[in-house]
Each structure stands twice: as structure tokens, then as C-alpha cells.
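See below for the structure under consideration.
The values are calculated or read from the model by the stated rules, or taken from the named source; none is laboratory data. Since this is a predicted model, take the numbers as computed values, not measurements. When we count neighbours, we look across all protein chains shown, and the Cβ atoms used for this are built from the backbone with ideal geometry, even at glycine. The protein model used for the area step is the full one, side chains on, heavy atoms only, and it has no ligands, DNA or RNA in it. Shrake-Rupley method; radii C 1.70, N 1.55, O 1.52, S 1.80 Å.
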Amino acid sequence: MQTGPRSFRTTLKSQVVIPSLVVVGGLLVVCACWPAKAGEGFAAMQGWVIAHFDWFYVLSVAAFLAFLIIVATSSFGKIKLGPDDAQPEFSFVSWTAMLFAAGMGIGLMYFGVGEPIQHFLRPPNAAAGTPDAAREAMLMTFFHWGFSAWAVYAVMGLVLAYFGFRYNLPLTFRSGLYPVLRGRINGWMGHTVDAFALIGTVAGIATTLGFGVMQLSAGLHIVGGWETDSDTFRIGLIAVVMVLAGLSAASGLDKGVRILSELNLLLAILLLLFVACAGPTSFLLRALGDNIGNYLSSLIDLSFHTYAYQPPREEGWFASWTILYWAWWVSWSPFVGMFIARISRGRTIRQFVVGVLLVPTTFNLIWMTVFGNSAIWLDTHDATGALAQTAGNVDALLFRFFDYLPLTKLLSIVAILLIAVFFVTSADSGAYVIDTIATRGAANSPVWQRLFWAALLGVTAALLIVAGGLKALQAVTLITALPVTCIMLALCYGLWRGLKADRVHSSQTMAPATSFWTGQHWRLRLSRILKQHTEADARQFIEHTVTPALEQVAAEIRQGNVQAKMQRSLDVAQLSLPAMGQRDFVYGARVVKKAAPAFMPRGAANASEHPDAYEVTTFFADGREGYVISYLLADEIIADVLRQYERYVLLATDRRTELLNKAPGHPGFDDE
């Protein structure tokens, strides 16, 4: 969309936004005007997909998990999601908190008690209501919320983060298909992919927010005695939560989502610890060990199990639980994958995979053990089957569970607060991701755009609740998971190709004849190494040594009728050689502030007077980590430029690095 007057600025891309809004709007009209027929049609399509492609979902999710393990344990695991010198934007605690809150927060609250109880009453293989049924209930709950679920998110997040930060492509869904589509990601095929991702994201988030509203309403009814069954109340509840989400969205990702995520993680841990201590603590500790051991020992078998030889005892169980879960995680993967990619810049692939797979899964398994096993134990002891009788009303089941614990009302209030904050973080991070897709990852988008998407999510959820169309839209998200799964398999293939090109590119060394130093002017070099440079020293080195050296190279290159571009500022000097059809050659030097070295000899160059030192380091368009050149002479800098240019020419002729060679260059002089 074109930018209007100065008072109205937008970064939205009309090729993506307009088709997406038309489809979402049309879907809402159908669900609102003809909810019964829409529900029947979507349910029929959903049933057809499950009946014919259940095996495909099972094998695909298993392949995603295996692919991540192979990548993380290989030499590819050392590659950073960004330039080699990139550092993580968020601390490890903040990072894991945002993973937890945005990924499955509302789901843990909604299904933490509900799923184990329902499996206990209707297990796939064991006799209902028996100890074997309890063991199987926890096994299947672990399987649905464990490594396989987060592998789906991790694949999408890793692909987007890698091509977005390593290849410097826009952080959008289409960028993951760069190795397959190449330049076509900028045309109608790329627009279609992003529009598809935007529609699926809106549908998936709105449906989940609908579940959150239902549970929040049930909690307020139980705690406050309010009449919460009316559509008016639920719409008002959505409005209040969406206003809070809008305020969080306006404050920015690093403030709003981070603070809310850390608050939610703290509240969730406190609630978890209280339930663990107030419930059957010794039994839970024993059950946790059994659950983890049973899950790990059964993981491979469950990952490939399709019940081909013997169907479950409960008819339709496999399709209603495992297949629907796999499709649900896939349908949410553009949203969660985009979000975790955005917050993971600067981490290595191994850190990313281990963090995304291990940390949330560990928390999920502990949560499900504490809440699920406690509910089953209470139902077979203190509650004498009362919880089982209310298992059909999942909205209120968590709060009925609290009736059998101390401080019931306080627990319910904390749970309501948790659900509300999960609601806000899901809407807030969802608005951020949707805006990223709609703008092709544009930086500094106006706040009103995130507020608009947050409002759209609220209106969608409210309209579907009023029209009774939540199940219809849920079916749509499950149907769309089939093509998304196919795309994700293509993304894995593209990522593997990109990683192979990256490894060849990074391992390319200089020619042996240019990698030596004769030792000339060693006294001058030693004095520069020992000296603690000030900012003025570094700038003077840029002006009097680096710039003349680069200008000499540029002048010599121009004599050969080759274009050479010099750029200069107070802290930066850069030589660029434009190239057709691939990334430009760039040799740049910039002033960098660093901590003074601890090994500086006492008294050398006033080492104790300044806590910081300033060095001149190189930077390159391919994102490789730079190195200090503050001690080089002008002739040595010229030699270094030629070494780097020779490496550039060697890589340009290597077809194995073609993907990376043609990717956009990393920011240099122009973005300083």
C-alpha cells in the first residue's frame, strides 16, 4: 500500500493484505449467516482429510523431529542464526518465557486437567478407569504435548530464522522457500504463500482465543457467581482483553510481550508448585519418573504408530486426538514459528533446537503430571468419580479440580489471571506476527497496524462465538494443515540445501600464497598491539590509514573499467564492488567499542586511564565475523582486501554456494 500523508503511514503490502482480508471476511460471513451448513461442510472436508491422510501426518511429524535432531547434532549446529558476530537479543530466561507463553499457554490451562481425565475415561487400548488406563492417559498426553509438538514449531521457526537472519531475507513465510522458488518469492507466488500464512494465522489464533474466552467465562462464573453464558458478556470480555493486548502491542515486543511472558511464567510456576505440594505429592514424584520413562521408551513406537493392524478400543480415538493434534500444531506453526524466529536471532542452530525442544517440553511434561495425575488420583480417591462426571465440560473442569484443593477460591483467581494474561500474550504476539507477514518484515511499522490486527483477532473471535462458528473455523485450520505440512517438508529440503551452501562458503580459505606475513615493521605492529586505542585514535586510523588504502584499491580497479564504490563516514570506511546476479563484494572497516583487555601490561599506553578500548574491525556483506585491523599498515590493508576479494571470486565460481552468493548482503555502511 502506498504511503499517504505524513499523518498516515503504513508499511502494509496490498498484494498480501487485500486477498487475505477478503478471504477472512468471506469466511466470517459464511460462518455467521449459515453456521449449520458451514459446519457440516467443513466437518465433511475435515473427515475426508483425516481418513485419507492420517498416515501422512504421522510420518511427517516424525520426520520433523528426526530432521531437527540430525541438524542439531551435526556440524550445522554451530551455525548462527544471523551474522557470525550476532548476539542474542533476549536473555535465556526471557527467551524461554516467551516460548512458553506464546506457544501453548492457553492450551496448558485448558487441557492440563481435561485431556488426562478424558483419556482415563476413554483410553485407546486399556480398560477404562483402571490403573492401566491412568498410565496410558498420561503416556498419550505426554506424546501429544511433548517433543513431537514442539518439533513442528521448531522446524518452522528454524527455517524462518535461518533464512531471515543468515541470508538476510525478510522474516516472512515466503523466505523459507527461497532455495526452491529463488527470485520468485518476490512475485505472485511469494504473495500467495504469505497470504495463505496470514489467513491460517488469523484463523488459528482466533479459534484458540475462543477457547480461552470459554474457560475464562466458566472461571468467572464459578468464582464470582456471575452470569457468563450470554454472548454480551463474552463479547465484553473479549473487548477488555483485546484492549489490554493493544496496550501491550503498542509498547513493543521487547517490553509488552517480554514482561507479560515473564509474569505468566512466574504465576504458572507458583500455581504448579502449590498444586504439587497440596496434592498427592509423593505419588506425583513417583508418577513423574514413570511418565517420563514410559514416554521416552515408547516415543519411537508412538511416533510411527497408525493403528493399521488393530484400531483403538475407543472408535475414532486416533483421528479425534493424535491426528487432530498434529494438524493443529501444523496449522499454528506459521504463527508460533514466526514468533520464536523473531526472538532467536544470534543463537546457534544447536542452541535453538535444544532450547525449543527441551525447555518447553520439560515444563509441559511436569505440568501435565502435576495437574493430570492429581486429577486422576483425586477422582479415584477424594472425589469418588465427581471429576469424571464433569469431564464433558472442559471449560469448567480445571476449576472443579480446584474444589478438592486448599484455598480453592485463591487458586481459581490465580488461574483466571493466568488465562487472561495468556490471552493477552497470544493476541499481542499474534498481532505482531500477522503484521510481520503483512509487511514482509518491514522495520518500524506504525503502531496502528498492530492495533488493527489485534482488533481483527478480537472481532473474529467475538463474531464466531456469537455465530457458533468456532468449530467450523477450527475445522478450516485443520484442513489447511495438509498443504502446510507439504510446504514444511519442502522447507526442510530447502534448509538442508542452504546449510550445505553455508558450510562450503564458511570453510573457503584464503589462497596459501597470500596468507603469510614477512615480519617487516614488526616494532610498529607490536606498539600498535600493545597500545590501548581511544575513540579518537580509531577514527584517525580510519581517516589516515584505512580510507587511503581502500581508495588506492578503488582507483586501480576503476582503471580496469570495473565499477568501484567508496563510502566514508566518521567511524566507517567501505569499499563495494557491485556484481550482477549475486551479492556485492564489500570490504568495510568500522570503529568498535570493546572492553579493555585484562592482559594489557601495566603502564602500557595509559592502560589504566580508560575502561574501554576502541578498535577498527572489518565487516563483510556475507555476514562473516570481522577481525581487528588496527595494527596493520596501509599496504597490509591493501593486501588484506585482495585476499578477501580473491576468496569472493573463488566462491562466485563454486555452484555449491550459489544460494548464499545470491542472497541479499548484510547491513553495512548504509545502515550505520
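Values for this structure:
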{"read-out": "Verdict on Ala86 being under 29 Å from Ala245 (Cα atoms), within 23 Å of the chain's Cα centre (by Cα) and aliphatic (A, V, I, L, M)", "value": "no"}
{"read-out": "Residue selected from the range 356-390 under the condition in contact with a Phe, Trp or Tyr (Cβ under 8 Å, 6 or more places away or on another chain) and outside any helix (DSSP H, G or I), by the criterion surrounded by the fewest Cβ atoms within 10 Å (Cβ to Cβ)", "value": "Asp382"}
{"read-out": "One residue from Trp328, Trp321, Trp332 being in a helix (DSSP H, G or I), under 19 Å from Val433 (Cα atoms) and over 14 Å from the mean Cα position of the chain (by Cα)", "value": "Trp328"}
{"read-out": "Enumeration of residues in the range 619-646 that are in contact (Cβ under 8 Å) with a residue 12 or more places away in the chain, among the hydroxyl-bearing types (Ser, Thr, Tyr) and either surrounded by fewer than 18 Cβ atoms within 10 Å (Cβ to Cβ) or out of contact with any Lys or Arg (no Cβ under 8 Å at 6 or more places or on another chain) (or both)", "value": "Tyr645"}
{"read-out": "Some residue of the range 625-642 being modelled with pLDDT of 80 or more and over 20 Å from Ala549 (Cβ atoms)", "value": "yes"}
{"read-out": "Residue check for Val353: more than 16 Å from Val152 (Cα to Cα), touching a helix residue (DSSP H, G or I) at 6+ places or on another chain (Cβ under 7 Å) and assigned to a helix (DSSP H, G or I)", "value": "no"}
{"read-out": "Counted residues, the range 33-69 - those being farther than 18 Å from Ala319 by Cβ and open to solvent by 40 Å² or more (accessible area, probe 1.4 Å)", "value": "8"}
{"read-out": "Scope the range 631-664; condition among the hydroxyl-bearing types (Ser, Thr, Tyr) and within 28 Å of Val591 (Cβ to Cβ); matching residues", "value": "Tyr631, Tyr645, Tyr648"}
{"read-out": "Residue within the range 419-431 that is crowded, with 18+ Cβ neighbours inside 10 Å and over 30 Å from Phe274 (Cα atoms) present", "value": "yes"}
{"read-out": "All positions within the range 428-463 that are of a type in the set (A, V, I, L, M) and under 14 Å from Thr201 (Cβ atoms)", "value": "Ala431, Val433, Ile434, Ile437, Ala438, Ala454, Leu456, Leu457, Ala461"}
{"read-out": "Single residue of the range 537-566 satisfying the filter (open to solvent by less than 40 Å² (accessible area, probe 1.4 Å) and either of a type in the set (Phe, Trp, Tyr) or not in a helix (DSSP H, G or I) (or both)) that is nearest to Ala595 (Cα to Cα)", "value": "Phe541"}
{"read-out": "Residues of the range 508-536 classified as open to solvent by less than 90 Å² (accessible area, probe 1.4 Å), in a loop (DSSP other than H, G, I, E, B) and modelled with pLDDT of 70 or more, total", "value": "4"}
{"read-out": "Boolean, Ser297 is among the polar types (S, T, N, Q), over 21 Å from Val370 (Cβ atoms), open to solvent by 30 Å² or more (accessible area, probe 1.4 Å) and out of contact with any helix residue (DSSP H, G or I) (no Cβ under 9 Å at 6 or more places or on another chain)", "value": "yes"}
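Every residue, every condition in (1) in contact (Cβ under 8 Å) with a residue 40 or more places away in the chain; (2) in contact with a strand residue (DSSP E or B) (Cβ under 6 Å, 6 or more places away or on another chain); (3) surrounded by 24 or more Cβ atoms within 10 Å (Cβ to Cβ), yes or no:
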| position | (1), (2), (3) |
| --- | --- |
| Pro131 | no, no, no |
| Ala134 | yes, no, no |
| His144 | yes, no, no |
| Phe163 | yes, no, yes |
